[in-house]
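For reference, the structure discussed in these notes is given below.
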Amino acid sequence: MFRDRLRLSGIPSHSISLLHPVVQSGARNMAAFARLNIAKGVTCLLNVARFAPSCLVIPVRTKKRLKVPPRSYDPLEQQQKQLKAAGLMIPEEKLSQYITITCTRGIFDPYIPAEGDARMSMLSKEGLLQRTEKLKQTAKSYTAIRKIRESDPDFRVKTFGEKAQEIFIEAHNNLANFNEEKLHTLVTEHCYPEMVQGNEYKTIRWSFLESLEPPRVVHVRCPTLLNEDLLYGQVTVRIHIRQILAIYDQFGRLMYGSEQIPKDVLEYVVFERHLLHRTGQWRLHDKIVPSWAPPKDPLIKTVMIPGPTLTPSEA
């Protein structure tokens, strides 16, 4: 037991047995003092074991980390310097894109035609209001005509009706033949999808027979938009014609109209032009449908009527 205590104190036991009895007693006291300090967590200065490491930590390399140093120069800038020294220059990229506005998205001030183009009596209240409103619209139309003539000196109200009807007829003929390239020169980008939508698998037969009334201009507008470069003119023309229209589906079945029965059509067609465009021209833009207009004929639907159920012996 005593030797175990000496071993804990760090003093070899064989060295104590060789000492004088008085020295042995002092060694025992020193061993007891060292044991007490060890119990208190204090390391004895004479303990040789304190010079040995308490635990051995061996670093283990688990992952390989490679730190890339930052570039000390810009490669693009260095390349530009080399090209400039060689006498070559790279053109600068323009991140901005040009937007071409060739038409508007609708009608500025839609024309509201009177029911049946009837003129009410000036003696009635409704007739007086109708006459007053017509004078206001006429004054606005004359102001717009003057603005249009500043950009298009050849514009004349009396002759524009015939020109507009020719554009109307040619546009519908190209729609029936689906001449896409020619159709883009006759109708605006706003009107084109409305005319060709849903006609991919259909056959259209359209023909102009006669004009029941001379076409005439009933409404002219030329407002100023964001700036002076965006100047558009819109002219509403009253067209009353007789035509033939027949639409067939992809299987050749009649869906609408007839090729034998002509039909009278009264339409208010809006034509538009970008006035400040050098090669701008009047094109079909939209159509005004009055609230009092009769409803369109419904589509003729072809359905299959199932026959009687047959037995395997009858089939």
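Some points to look at:
- Reachable aspartates and glutamates, given that their alpha-carbon falls under 14 Å from the alpha-carbon of residue 301 and they are not under 8 places away in the same chain: 249
- All aspartates and glutamates inside 12 Å of residue 287 as judged from Cα atoms, apart from same-chain residues fewer than 8 positions distant: 194, 267, 272
- Estimated from the Cβ-Cβ distance and a Förster radius of 30 angstrom, the FRET efficiency linking residue 261 and residue 158 is about 0.30.
- Orientation-averaged projected area, Cα convex hull of segment 125-288 (nm²): 11.8
- Cα gyration tensor shape for segment 138-202, rounded if a/c is under 1.5, else prolate or oblate: prolate
- Checked against a 31 Å cut-off, the cross-linked pairs 182/263; 158/182; 182/296; 140/163; 158/202; 136/182 give Cα-Cα distances beyond that limit for 158/202; 136/182.
- Spin-label pair residue 277-residue 205: with each label point 7 Å from Cα along the Cα-Cβ axis, the two points sit 3.5 nm from one another.
- Highest-first arrangement of 189-196, 78-85, where packing means the average Cβ count within 10 Å: 189-196, 78-85
- Charge context of residue 273, other residues only, Cβ under 11 angstrom, K/R +1, D/E -1: -1
- Estimated distance in nm for a label pair at residue 227 and residue 310, the labels positioned 7 Å out from Cα along Cα-to-Cβ: 7.5
- Cα centroid separation, segment 183-204 to segment 257-306: 11 Å.
- Here the extension length gained between residue 173 and residue 146 equals 6.4 nm, from 0.36 nm per residue of separation less the Cα-Cα distance.
- Proximal charge balance of residue 249 [Cβ under 12 Å; K/R count +1, D/E count -1]: +2
Values in this text are rule-based calculations from the coordinates and carry no lab data. These figures come from a predicted structure and were not determined experimentally. Cβ atoms come from the backbone with ideal geometry, glycine included; neighbour counts cover every protein chain shown.
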